Amino acid sequence: MKTKLDYYRVFYEAARHKSFSVAAQHLYVSQSAVSQCIHQLEEDLGVRLFARTRRGISLTGEGEILFSKVESAINTIEQGENQIDRLRQLETGELRIAAGDSITTHFLLKYLEKFHATYPEIKIEMANSYSARMLELVKEGKADLAFVNMPLTDDELHFEPCLTIQDLFVCGPDFPKKSAYSWEEIASLPLILIEKNASSRQFLDKNFKEKNITLRPQIEVAVHDLLIRFASIHLGISCVVEQFAEEELKNGTIQKIPLTPPLPKRSIGCAYLKNAPLSHAAQAFLELMK
């Protein structure tokens, strides 16, 4: 493009108002500045755009052709600006979150409900997978935020802790438990654990391995809630997240098995790209959680 875009804006205002002086008022410049821009534009294009008469100005045939294109372009730009403003005001847009079933059900649900009530025009999209895949979704631009079990590291991502959680072993209400169990004793019980590729299982295996203990569960499941259910009907001893089993612990559906010393605490964290700005919707969601 050989002509400055500013000239087309001046041309548009002059043509729209059929007056250089009115165009100057709208553009907050002098009338002579408008005349100079139009003259330069005509020189660049090699055509006359305006016919100048005693009554004022009118578009030439070439001017009419150019005006139709410039008007369309400016309208498109203004529509884009309006849409961006609506995104900024959270009047439209989308929030894309990646999170596992357990984190969504026991942690995110209340925030999703509040966010939707506050910003009803924002479309919420949820993706569900394992932690490693959810981090890939963020890096691929397919999710704004990923809520994952910590600790995790990735050079491209920032991790923000959101909730401290405690893993513990539980049994059914009638299980004849002792007052305290060593890690070796826990490992010898009929265990029900989350499947191996889950980050929470990797955390558990790592901590036991540091004590030279290998966990060999009798049952592996894919869903945290099944850990609670299976323990409650005495199929074995499950390792669950205390904060996700508060109701069942309170009503006695399951009971804690005291481990000495207890497993270390960990956290649920939110992951997002380090070097890319968060969408307005994603920023609003994180602010709402805080």
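When only Cα pairs under 8 Å and 6 or more residues apart are kept, what is the percent relative contact order across the range 116-275? Intermediate values should be presented prior to the final figure.
On the way: 261 pairs, mean separation 66.1, N = 160.
Computed value for the range 116-275: 41 percent relative contact order.
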So how far, in whole Å, is the C-alpha centre of the range 115-163 from the one of the range 225-290?
16
Tell me, what is the percent relative contact order of the range 5-88, built from C-alpha pairs under 8 Å that lie six or more residues apart?
25
Select one label from (1) 21.4; (2) 18.1; (3) 20.6: the one whose number is mean projected area of the Cα convex hull in nm² as derived from the coordinates shown.
(1)
Can you sort 289, 150 so the residue with the fewest Cβ neighbours within 10 Å comes first?
289, 150
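So what are the range 5-88's ellipsoid semi-axes, whole angstrom, largest first, if each one is the square root of 5 times an eigenvalue of the alpha-carbon gyration tensor? Walk me through the numbers before you get to the answer.
Values: eigenvalues 118, 43, 26 Å².
With the √(5λ) rule applied to the range 5-88, the semi-axes are 24, 15, 11 Å.
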In the range 181-290, how many lysine pairs have Cα atoms under 21 Å apart, counting only pairs 8 or more places apart or on different chains?
11
Cα-based Kirkwood hydrodynamic radius, the range 48-175, one decimal, Å:
19.6
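Antiparallel versus total DSSP beta bridges in the chain: what percent is that, nearest 5? It would help to have the intermediate numbers written out before the result.
Values: 23 of 37 bridges.
About 60 percent, rounded to the nearest 5.
Would you mind ranking 223, 34 by Cβ crowding within 10 Å, fewest neighbours first?
Exposure proxy ranking, most exposed first: 223, 34.
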Per-peptide average of other Cβ atoms within 10 Å, ordering 162-169, 48-55 highest first:
162-169, 48-55
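Sorted by packing (mean other beta-carbon atoms within 10 Å per residue), highest first, where do 99-111, 121-133 land? Each step should come with its number before you reach the end.
Details: 99-111: 18.5, 121-133: 14.6.
Final packing ranking: 99-111, 121-133.
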Quick check: pseudo-label points 7 Å beyond the Cα along Cα→Cβ at residue 287 and residue 223, how many nm apart are they?
3.6
Can you give the calculated 222 nm mean residue ellipticity of the chain, where each DSSP H run of n ≥ 4 adds -39,500 (n - 2.57) and the sum is split over every residue, rounded to the nearest 500 deg cm²/dmol?
-13000 deg cm²/dmol
How do 8, 28 rank when sorted from fewest to most other Cβ atoms within 10 Å of their own Cβ?
28, 8
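Rule-based calculations on the coordinates, nothing more; no lab input. This one's a predicted model, so the numbers in the text were calculated from it and none came from an experiment. Here Cβ is always computed from backbone atoms with ideal geometry, including for glycine, and neighbour counts include all displayed protein chains.
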